[in-house]
Amino acid sequence: MMEYEAVIGLEVHAELKTKSKIFCSCSTEFGADPNTQVCPICLGHPGTLPVLNKRVVDFAIKAALALNCDIAEYTKFDRKNYFYPDLPKGYQTSQYDFPIAENGYLTIKINGKEKRIGITRLHMEEDAGKLIHSGDDIARADYSLVDFNRAGVPLIEIVSEPDIRTPEEARVYLEQLKAILQYTEVSDCKMQEGSLRCDANVSVRPKGSSKFGTKTELKNMNSFKALQKALEYEINRQIEQLEKGIPIVQETRTWNEQKGITEAMRSKEEAHDYRYFPEPDMVSLAIDREWVEEIRKSLPELPVERKNRLIRDYGLPEYDAEVITSSKALADFYDECVDIYDNPKEISNWVMGELLRLLNANNMEVEDSPIKPKDLVGLLELQKKGTISGKIAKQVFDEMFETGKDAETIVKEKNLVQISDVGELEKIIDKVMEANPKSVEDYRSGKERALKFLVGQVMKETKGKANPQLVNEIFKKKL
């Protein structure tokens, strides 16, 4: 077999976090009853005229600046013509030859090495409606229903250069892009709600070649894991085809999560297939530098800057800082904890360990966590005072997550206060030594591990409530 390399470019659509749609005043709130957030404008009734939502332009400029793009001084909207049941007007209002931003980049880190991924363009457009199929997918559905609530919701599309070479690079790029959009607060990026969607263009070529192969477009990848797995499968599929002498067909393919394969959907369209032409119902837009600079001043601390601050100011390892700053909500949670409890590394351990463990197990976002920063700090303060042991603290944390109660309440209700009374502990230790004479002799003959066993027996006897440090001290004194 020849050695091949993949050439990957991503097209990412992010719903903007505006209160109203891009060309009308209908609400963009997620989860409303079907077809209740619509009007003659977003339904494309004849005779209606769109009015551009200025907040959409503000957010597009803000995202573009965070992605190091050049902001256009002149931009306009175009009609992208195609027919599909979820497109009420029969065309999508988008941008073609004069996008709002171009020539940006995003820097990712893979195996300790930085790599710059170019961003070709960022443009504004409206979303289509949503089709709900009666079966598993459109091919096997008896009928489909359409909800137009999403039609007209503002989007930005971010198109990367074909600079990505591996599925892992693609995943890291998307993770980093999501973090930047969240930090700038232009999008909530909830992939499960469809507010961040990604398509991938992928081809393979012999290593060392500068010529692009025939590409396919992958759709229906609704998670970072799905993106990486779909690309891995598609790259291997294309290589196998080429090795058998079968040419690659330019087409759009969908990722079938259940089967773990990509499947052909339709032939791939080119730009001319959409018959783009300038939107006649809207004026073009001039963006002066004062407007751009005003938005630039509002840019927040971005993920890389925040990561560097956590390393510099709190002495966190780079790995900890990367995990914590991967999500704005998680970084905000961490910073709030450190503001009221001065032990950055201990907080980092709890956030990365116990908090993320429970959030992932329950498929929850940080924002939905029943444990707030003050609750975690309250738990750590009880542990610091010696009221509870480290083992009990983890048990209390799980209970806090499940019930929403604070640590102090749980400790009182469950009688989990740590036993630090020397007299009481000595009685339990004497009992354990009497029941385990061999371990006592083993320790006295130089076997240090025997002490761990004896301490464990005391913890078992007290259901984890004994002060482990004090238990160790008493054992050593008695032995």
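The values are calculated or read from the model by the stated rules, or taken from the named source; none is laboratory data. Everything numeric here is computed off the predicted structure, so don't read it as measured data. Methodologically, a virtual Cβ is constructed for each residue, glycine included, from the backbone with ideal geometry; neighbour enumeration extends over all protein chains shown.
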_Considering only residues that are at pLDDT below 95 and within 30 Å of Lys190 (Cβ to Cβ), which ones fall in region 228-251?_
Glu251
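Mind checking which residues of region 381-405 are among the aliphatic types (A, V, I, L, M) and either more than 12 Å from Leu416 (Cα to Cα) or in contact with a Cys (Cβ under 7 Å, 6 or more places away or on another chain) (or both)?
Met400
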_Candidate set: region 356-388, residues that are of a type in the set (A, V, I, L, M) and part of a loop (DSSP other than H, G, I, E, B); chosen: the one modelled with the lowest pLDDT_ = Ile388
_Test of understanding: among Asn81, Asn53, which residue is out of contact with any Pro (no Cβ under 7 Å at 6 or more places or on another chain) and not hydrophobic (A, V, I, L, M, F, W, C)?_
Asn81
*asked:* As an exercise: evaluate Leu65 against (1) over 23 Å from Leu145 (Cα atoms); (2) assigned to a loop (DSSP other than H, G, I, E, B) and give the number of the one condition it does not meet.
replied: (2)
*Out of curiosity, is Leu302 under 30 Å from Asn53 (Cβ atoms), within 16 Å of the chain's Cα centre (by Cα) and either outside the structural domain of Phe397 (by TED's automatic domain parsing) or modelled with pLDDT of 95 or more (or both)?*
yes
*Would you please name the residue that is surrounded by the fewest Cβ atoms within 10 Å (Cβ to Cβ), looking only at residues in region 80-107 that are of a type in the set (A, V, I, L, M) and touching a helix residue (DSSP H, G or I) at 6+ places or on another chain (Cβ under 9 Å)?*
Leu106
*Just one of Lys130, Lys113 is surrounded by fewer than 21 Cβ atoms within 10 Å (Cβ to Cβ) and either among the hydrophobic types (A, V, I, L, M, F, W, C) or touching a Phe, Trp or Tyr at 6+ places or on another chain (Cβ under 9 Å) (or both); which is it?*
Lys130
*Output the number of the condition that Ile371 fails; it satisfies all remaining conditions of (1) farther than 21 Å from Glu336 by Cβ; (2) buried (at least 18 other Cβ atoms within 10 Å of the Cβ).*
(1)
*Count - residues of region 296-355 that are closer than 22 Å to Leu379 by Cα and outside any helix (DSSP H, G or I)*: 4
_So, Glu473, is that one modelled with pLDDT under 80, assigned to a helix (DSSP H, G or I) and charged (D, E, K, R) or not?_
yes
*Only one of these is over 20 Å from Ser187 (Cβ atoms) and at pLDDT 95 or above: Ala60, Ala64, Ala101, Ala72. Name it.*
Ala72
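Give me the residue from region 222-281 that is among the hydroxyl-bearing types (Ser, Thr, Tyr) and outside any loop (DSSP other than H, G, I, E, B) and, out of that set, farthest from Glu169 (Cα to Cα). Spell out how you get there, then give the answer.
Just the residues of region 222-281 that are among the hydroxyl-bearing types (Ser, Thr, Tyr), to begin with: 223, 233, 252, 254, 262, 267, 274, 276.
The next check asks that each one be outside any loop (DSSP other than H, G, I, E, B); those that pass are 233, 252, 254, 262, 267, 274.
Values: Tyr233: 15, Thr252: 22, Thr254: 20, Thr262: 19, Ser267: 27, Tyr274: 31 Å.
Result: Tyr274.
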*Pick from Ile371, Ile347: which is without any contact (Cβ under 8 Å) to a residue 40 or more places away in the chain, in contact with a Cys (Cβ under 6 Å, 6 or more places away or on another chain), among the hydrophobic types (A, V, I, L, M, F, W, C) and not assigned by TED's automatic domain parsing to the domain that holds Lys178?*
Ile347
*In the list Lys460, Lys391, which residue meets the criterion of being under 42 Å from the mean Cα position of the chain (by Cα), part of a helix (DSSP H, G or I), at pLDDT below 90 and assigned by TED's automatic domain parsing to the domain that holds Lys345?*
Lys391
*Can you tell me which residue in region 402-425 is surrounded by the fewest Cβ atoms within 10 Å (Cβ to Cβ), limited to those that are modelled with pLDDT under 80 and not in a loop (DSSP other than H, G, I, E, B)?*
Gly423
